[in-house]
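Down below is the structure, laid out as structure tokens.
What follows draws every value from the coordinates through simple rules; no lab data is involved. Not measured: the values here are computed from a predicted model. Neighbour counts are summed over all protein chains in view; Cβ atoms, including those assigned to glycine, are modelled from backbone coordinates with ideal geometry.
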Amino acid sequence: MTATADAVAREADRLTELDSAIGDADHGENMRRGFEAARAELGEEIPATPGAVLMTVGRKLVSTVGGASGPLYGTLLRRTGKALGSGERVSREELAGALSAGVEAVAQLGGAAAGDKTMLDALFPAVEAMTDSGGKDFEAARAAAERGAEETVPLQARKGRASYLGERSVGHQDPGATSAALLMAALAAADTA
Ligand code: ADP
Ligand code: MG
Ligand code: MG
């Protein structure tokens, strides 16, 4: 989570630039605000289990991010954390399964499907790559998320603010898919650390 906060801080300007093309130019700031609040909370007291860490960060995102991404990422992390249960250690396979549940919860909350040009276009392929490898290959998940984010460029947005643009949303990379790829990259980097 702190590696994600670092990546979000580093890439905030880029995320906002992407959101200025097909949204309201706040995605970088939304994510930065949420993950800095989460970082501060984790700095005060680290929850006892990996599941509790994710639930704590998820709650923080919901309470500090005003945009659509707050409840969506909040749901992703809370649901993933809940699915991890109360174990003090989590296997890669357990994390892959829990992340899959978290991503499903995002799809349910936002009503988006694959190809709608949202964060799910990075998250679905990441979870698939992880599940296919039996939870072993976080690097494949990172690469799949990044490819998924890049592949949102030719898509027309069917959910969220970008969908208001209709065909004019074509030709731009989705900001939320881009931040989702950052999250997967932070996870892959933490896994090999
Ligand atoms: P807002 O659009 O409220 O300003 P952000 O700019 O922080 O919120 O986040 C925008 C991102 O949220 C989009 O790029 C997209 O990836 C994601 N998003 C928006 N609506 C949905 C949805 N219904 N399902 C999944 N992701 C969505
Ligand atoms: Mg926005
Ligand atoms: Mg906004």
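Lysine pairs in the chain whose alpha-carbon atoms fall under 25 angstrom of each other, counting only those eight or more residues apart or on distinct chains, come to 4.
Taking the Cα centre of the chain as origin and assigning +1 to Lys and Arg Cβ atoms and -1 to Asp and Glu Cβ atoms, the resulting dipole is close to 420 debye.
Under the simplified labelling scheme, the Ser63-Asp24 pair shows an inter-label distance of 2.3 nm, with each label point 7 Å from Cα along Cα→Cβ.
Give me the extension gain from Arg10 to Ala189: residue separation times 0.36 nm, minus the current Cα-Cα distance, reported in nm with one decimal. Working shown, then result.
Working: separation 179, 0.36 × 179 = 64.44 nm, distance 1.53 nm.
Difference between extended and current length: 62.9 nm.
The simple spin-label model puts a point 7 Å past each Cα toward its Cβ; for Val90 and Ala40 those points are separated by 2.5 nm.
State, as an integer percentage, the relative contact order of segment 106-156 based on alpha-carbon contacts under 8 Å between residues 6 or more apart. Don't skip to the answer; put the middle values down first.
Details: 53 pairs, mean separation 19.5, N = 51.
For segment 106-156, the relative contact order is 38 percent.
Considering only alpha-carbon pairs that sit under 8 angstrom and 6 or more positions apart, the relative contact order computed for the chain is 21 percent.
Fully extended, how many nm does the chain gain between Val170 and Ala3 (0.36 nm per residue separation, minus their Cα-Cα distance)?
Working: separation 167, 0.36 × 167 = 60.12 nm, distance 3.10 nm.
Separation in residues times 0.36 nm, less the Cα-Cα distance, equals 57.0 nm.
How large is the translational diffusion coefficient of the chain in µm² per second when you combine the Kirkwood radius over alpha carbon pairs with Stokes-Einstein at 37 °C and 0.692 mPa s? My calculation gives 202 µm²/s for D.
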